[in-house]
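Participant: Below is a structure I'd like to ask you about.
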Amino acid sequence: MRRRDILTAIGGAAASTLPLRAQPLAVPLIGYIGPESPEPFTSRLKAFREGLGESGFTESRNVAIEYRWAQGQYDRLPSLAADLASRKPAVIVAAGGAPAALAAKAATSRITIVFEMGGDPVALGVVDSLSRPGGNLTGVSSLSVEVSRKRLEFMHELLPSATEFAVLANPTSPTVDSQLKNLHAAADALGVRLHVLSTSDEREFEAMFSSVSQLRAGGLVFTSDPYFAFRSQRLAALATRYRVPAITQSRDFPIAGGLMSYGGDFTQSHRRAGLYTGRILSGEKPADLPVQLVTKVEMFVNLKAAGTLGVTLPPSLISSADVVIE
C-alpha cells in the first residue's frame, strides 16, 4: 500500500472515533414526588438542593430531576409514583410526608427511594427498622407527628382556664389515628375535652373556624399534616378573622400571621434527604444508610398575632420559643 493511502486510512479511522469522544456523558436522573405543588414547596426544595449540592450534585449540571406534584390530592400519589418508576430513575425522592413515601414504596421494589417525613417510618410500615431499613428505602424523619400532643399542652399553657379545645385532623393521613390517640391521652392528663374536626378540603376551612367559636373551644390545635402546613397563609388569615388562637406544626403559620407553631425543622430534614440522595448517586446502598432522625423541634410565636387575638403569651412560652416574631 502506498504511503498516502496508509495515512488516509489512519486519518479515517481516527475521525470515526471523534463523535464517540464528543458525546456528553449521561447524567443520573432523580424522580421527585411531592404531595403539593412546587410553589409552597420552594423553601423545602431549596434545602433539598443544598443537601444535594453538599454531596457533589447540582441540578442541570451533573444530575437531572423530574418532578411529580399531587396538588394536595393524596389519592393521586400512587399513579404519580408509578409514572416516575416507569422512567427508571437512579433514585426516587418521596418528600413531604408519609403518603408520598408509601406511594413510592408501592410503586417499586427495585429503584432506591429516599423519603422525608414527620412520622415514624417503622410504625407506618415504610422500613423494617431505623438502623437497618432493609430493602430499597431509607430516608429522614422529623418529630412533627410525635409532638402533636405537645401542641395541646402549649395551648393549655396559653389558656389555662379553657376546658375545651378543638383539633383539626386530615382523615386521609396515614398518621391521623396515632396522632388523635396521643392528643386524647394528653387531654385526659390535662383534664380538658377535645372536639375533633376533620377535613381534607381547603373549601371547608372557613366553616371549621366558624364552628370553633360555636363549640366554645378555647383554641385550635392542628395535627401534623402537609396539607395543613402548605396552606398556612390561608389558615393564618382565617384564624385572625375568626379570632381563634391556633397552633400548627409549621413555622409558615406564625410567619404568615398565625399565633404559634411547634414541629420538626423541615429545612434540616429536606437538606439531609438531599445529602442521602447524593450519597446513593455516588454508589452507596440504601440498606447501608440508617434512617436519620431530625431531633431538633422548633417553636415560633407571633406577638403581634397574640395582640390581635387579645391573648397574652406567658413568659414561659416566650422563653421556650426558638423565634419570637414581633
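Derivation of every value follows stated rules applied to the coordinates shown; laboratory data play no part. Since we're looking at a predicted model, the values are computed, not measured. Using ideal geometry, Cβ is built from the backbone for each residue, glycine included, and neighbour counts are taken over all protein chains shown.
Participant: Where a Cα-Cα gap under 25 Å defines reach, which lysines qualify for Lys181, not counting those fewer than 8 residues away within the same chain?
Facilitator: Of all the lysines, those that pass the test against Lys181 - Cα under 25 Å, at least 8 places apart if same chain - are Lys150, Lys296.
Participant: With a 10 Å radius around each residue's Cβ, average the other Cβ atoms per peptide and rank 225-231, 129-135, highest first.
Facilitator: 225-231, 129-135
Participant: Taking the Cα centre of the chain as origin and charging only Cβ (+1 Lys, Arg; -1 Asp, Glu), how large is the dipole, in debye to the nearest 20?
Facilitator: In total the dipole reaches around 1200 debye.
Participant: Towards the positive end of the charge dipole of the chain, with charges on Cβ (+1 Lys, Arg; -1 Asp, Glu), say which of Val323, Leu289, Gly72 has the farthest Cα.
Facilitator: Going by the Cα projections, it comes out as Leu289.
Participant: Using mean Cβ contacts within 10 Å as the protection proxy, how do 270-280, 32-42 order, highest first?
Facilitator: The peptides rank, most packed first, as 270-280, 32-42.
Participant: (1) 55, 43, 36; (2) 81, 49, 36; (3) 105, 39, 35: which one is Cα extents along the principal axes in Å as calculated from this entry?
Facilitator: Matching entry in (1) 55, 43, 36; (2) 81, 49, 36; (3) 105, 39, 35: (3).
Participant: Which of the lysines could a cross-linker bridge to Lys88, judged by Cα under 30 Å and excluding same-chain residues fewer than eight apart?
Facilitator: List returned: Lys46, Lys105, Lys285.
Participant: May I pose another question? Measuring from a point 7 Å past the Cα of Asp83 along Cα-to-C-beta, which residues in the range 31-61 have an amide N at less than 15 Å?
Facilitator: 31-38
Participant: Can I ask one more? Hey, quick one: spin label on Val324, modelled 7 Å out along Cα-Cβ, who in the range 154-193 has an amide N within reach, i.e. under 16 Å?
Facilitator: Inside the label zone: 158.
Participant: Can you give me the C-alpha center-to-center distance between the range 159-219 and the range 242-269, rounded to a whole angstrom?
Facilitator: Between the Cα centre of the range 159-219 and that of the range 242-269, the gap is 16 Å.
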